[in-house]
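First up is the structure itself, then whatever we jot down about it.
None of the figures in this text is laboratory data; all of them are computed from the coordinates on show. Fair warning: this is a prediction, and the values are worked out from it, not measured in the lab. Methodologically, a virtual Cβ is constructed for each residue, glycine included, from the backbone with ideal geometry; neighbour enumeration extends over all protein chains shown.
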Amino acid sequence: MGVKDAFLYAYINGGQMAVLRILKYGDKLLRKKTKQVSYQEIKNKLPLILKDMYDTMEFANGIGLSANQVGLDMQLAIISYKENTKHYNFVIINPVIVSLDGEIYGDEGCLSFPGFFIKVKRYENVVVRAINENGLPVEIKATGLLARAFQHEIDHLNGVLFIDYLPLRLKLRYMPVLAKLKRQWKKIDESKMEPRVI
Ligand code: ZN
C-alpha cells in the first residue's frame, strides 16, 4: 500500500466520500461544449459540487476533472497537482487560455479513458484566466505538466478530447482498440466501486 493509497483507504473509510460516476469515451455529453457559469447562481451549491468532484478525482487517481465528466453541463474544472513539496489546487470557472507558447510532447491519460495513455503534443506554457471558487477573477501561469493539465481540462469543457490530437495514421490504428475498450468502459461505475485495498 503506497502512501497515497493508505491515505485514500483511511479517507474512504471515514465515510465522507461522494464518488460520482465518470462519463467514459463514447458518452455524448463529453462532446458537447459546456455552458458558461453564473457564479451567483451556483455559489450555494458549489461547495458540494466541488467536494464530490474532488472525491471522484482522488478516488480515480486523477490530477484533473471537468464538470461534464461527471455529467454537469458547466464550465468548471478542478486540477490538483503535486510537484516535489508543492501542492497545487485550482478551481477554474469559465476558463480561457489567453496566452500559449512552447511545445512539449509527452504521455497523457484521461479519467474518461481508464488505463489508456497516448503521447500528445501540447503547449509548454499557458496563461489561463478564470473565476475561482470564491468568485474572484484569477490569472494562472502554468508550465510543463501543469500547463498540460489546464489544456486538457479546458478542452473537455469545449467538447474536445485528447485523442483528437492524434495524427490520422495513429487515429486509424487506435480506432478498433477504442471501439473495444468503449464497451468495457461503459460498464465501469466509480460510484459503485469498492475502495481499493492494496
Ligand atoms: Zn480527461
Take residues that are exposed (fewer than 13 other Cβ atoms within 10 Å of the Cβ) and tell me which of the strands (runs of 3 or more DSSP E) falling wholly in region 47-105 contain 2 or more. 76-83, 86-101
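Give region 116-131 a look and list any residue that's in contact with a helix residue (DSSP H, G or I) (Cβ under 8 Å, 6 or more places away or on another chain) and in a strand (DSSP E or B), or say none.
Filtering region 116-131 down to residues in contact with a helix residue (DSSP H, G or I) (Cβ under 8 Å, 6 or more places away or on another chain) leaves 116, 118, 120-126, 128, 131.
Residues satisfying the conditions are Phe116, Ile118, Val120, Lys121, Arg122, Asn125, Val126, Val128, Ile131.
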Extreme residue, nearest to the ligand (Cβ to nearest atom), among residues of region 159-171 that are part of a helix (DSSP H, G or I) and under 24 Å from Pro95 (Cβ atoms): Phe162
Criterion violated by His156 - all others in (1) part of a helix (DSSP H, G or I); (2) touching a helix residue (DSSP H, G or I) at 6+ places or on another chain (Cβ under 8 Å); (3) loosely packed, with under 15 Cβ neighbours inside 10 Å satisfied: (3)
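Residues Ile140, Ile93: which one is away from the ligand (no atom under 15 Å from the Cβ), under 16 Å from the mean Cα position of the chain (by Cα), among the β-branched types (Val, Ile, Thr) and farther than 27 Å from Lys182 by Cα? Please lay out each step first, then the result.
Numbers: Ile140 fails: under 16 Å from the mean Cα position of the chain (by Cα).
Selected residue: Ile93, the only one of Ile140, Ile93 that is away from the ligand (no atom under 15 Å from the Cβ), under 16 Å from the mean Cα position of the chain (by Cα), among the β-branched types (Val, Ile, Thr) and farther than 27 Å from Lys182 by Cα.
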Can you tell me how many residues in region 159-198 are exposed (fewer than 14 other Cβ atoms within 10 Å of the Cβ), of a type in the set (Val, Ile, Thr) and closer than 17 Å to Val120 by Cβ? 1
Going residue by residue through region 40-53, is there one that turns out to be within 16 Å of the ligand (Cβ to nearest atom), among the charged types (D, E, K, R) and touching a residue at least 12 places away in the same chain (Cβ under 8 Å)? no
Among (1) within 20 Å of Arg31 (Cβ to Cβ); (2) within 16 Å of the ligand (Cβ to nearest atom); (3) part of a helix (DSSP H, G or I), there is one condition Val177 misses while meeting the rest; what is its number? (2)
